[in-house]
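The values are calculated or read from the model by the stated rules, or taken from the named source; none is laboratory data. Remember, predicted model here, so these are calculated numbers, not experimental data. A quick note on method: Cβ atoms are made from the backbone with ideal geometry, for glycine too, and the neighbour counts reach across all protein chains shown. We work out accessible area using only protein heavy atoms, side chains counted, and drop any ligands, DNA or RNA first. Shrake-Rupley method; radii C 1.70, N 1.55, O 1.52, S 1.80 Å.
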Amino acid sequence: MKLSRTASVTASLLLAGGLVLTGCSSPGATSEGNAGGSSSNVAEAQGPLTKDNFADRMSKAQLEAGSVHITMDMGDSVEGTIEADMVVNEDPQKVQMQMQMNAGGMDADVRLVDGKMFMNMGELSQGKFFDLSNMPGGAGDISAMLDQMNPGAQVAGFGDALTDFKADPKGPEIDGVTTTQLTLTLDTKKMFEAQPQEGVNIDDIVAALGETTVYDMFVGPDDLPRRIVMPNVGGVGTLSQEFTAWGEPVTVTAPAADEIADASTLQG
């Protein structure tokens, strides 16, 4: 079973928007996030964020922080909450995440550990986890998603897709942090061509999203995102993510062997 097209498209949108998945943590990071020193003074000394430096500076800031808590609102069409703790790393195989979903009428516990993705769907999976990487096509899809987390590749593709950049240093205060509001307009086709996914037809995506996609990013004085908003993505309403607890310890563990069910039961 392959990851759903909706999940793949959502992942691409988040990645292309310069979200935490495009960042990296300290070299050699494990499944435990390490609190790094504040980069605020360094960022302020470098001056304002510009079209030429914002992607690199934000990536480096996430590299230093190493971990984050994310709260996601997936738009008007999906009710519920999605919360995640993540350890980010420039090596895709070292990216770690635990996500709790209570959305769309389904409860789920999703864990990304050592290049493998596990999902517990509560009653639907009888309280067990499925190892998605062991399912036909699953390993390839997960590998592609992990490859997209490479910040170097993201920055390269992002620059080609960016068609307009605006920076307002007087953005709103978020959780006591002053922010700069970045409004980014990206060429939708180039954005997806920079991060192709198996089974995703780029022309269909462009037809659904439009030729351009606009992101509002609210960035603190330490170059770390506090909020990212994608207005009316694909007609589902506003998508947004809140970023808190940068650099606080995060530990993600894989399910024990007796907690993993036969993934073939999901195939139809």
task: Write out, first by first residue and then by second, each pair whose Cβ atoms fall under 9 Å of each other, whose residues are 6+ apart or on separate chains, and whose first residue, in segment 218-229, is without any contact (Cβ under 8 Å) to a residue 24 or more places away in the chain and within 17 Å of Phe165 (Cα to Cα) while the second is in a strand (DSSP E or B) and among the aromatic types (Phe, Trp, Tyr).
output: Val229/Tyr215; Val229/Phe218
message: Quick check on my filter: what residues within segment 199-217 are open to solvent by 20 Å² or more (accessible area, probe 1.4 Å), within 28 Å of Ala61 (Cβ to Cβ) and either in contact with a His (Cβ under 6 Å, 6 or more places away or on another chain) or not aliphatic (A, V, I, L, M) (or both)?
response: Thr212, Asp216
Test result for Thr265, modelled with pLDDT of 75 or more and open to solvent by 30 Å² or more (accessible area, probe 1.4 Å): no
message: So in segment 231-250, with the set limited to residues that are at positive phi and at pLDDT 80 or above, which one is least open to solvent (accessible area, probe 1.4 Å)?
response: Gly247
field: From the options Ser59, Ser39, residue that is at pLDDT 80 or above, open to solvent by less than 40 Å² (accessible area, probe 1.4 Å), under 21 Å from Pro225 (Cβ atoms) and hydroxyl-bearing (Ser, Thr, Tyr)
entry: Ser59
query: Within the set of pairs 6 or more residues apart or between chains, which connect a residue that is under 10 Å from Lys189 (Cα atoms) inside segment 206-217 to a residue that is open to solvent by 30 Å² or more (accessible area, probe 1.4 Å) and of a type in the set (S, T, N, Q) with Cβ atoms less than 7 Å apart?
result: Thr212/Thr163
message: Go through (1) open to solvent by less than 50 Å² (accessible area, probe 1.4 Å); (2) in a helix (DSSP H, G or I) for Gln98 and report which single condition fails.
response: (2)
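For segment 197-210, check the following and say yes or no: at least one residue is part of a strand (DSSP E or B), among the aliphatic types (A, V, I, L, M) and in contact with an Asp or Glu (Cβ under 8 Å, 6 or more places away or on another chain).
The answer is no, given that none of the residues of segment 197-210 is part of a strand (DSSP E or B), among the aliphatic types (A, V, I, L, M) and in contact with an Asp or Glu (Cβ under 8 Å, 6 or more places away or on another chain).
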message: Conditions first: (1) open to solvent by 40 Å² or more (accessible area, probe 1.4 Å); (2) of a type in the set (A, V, I, L, M, F, W, C); (3) at pLDDT 75 or above; (4) not in a strand (DSSP E or B). Ala167 passes all but one, so which condition is the exception?
response: (4)
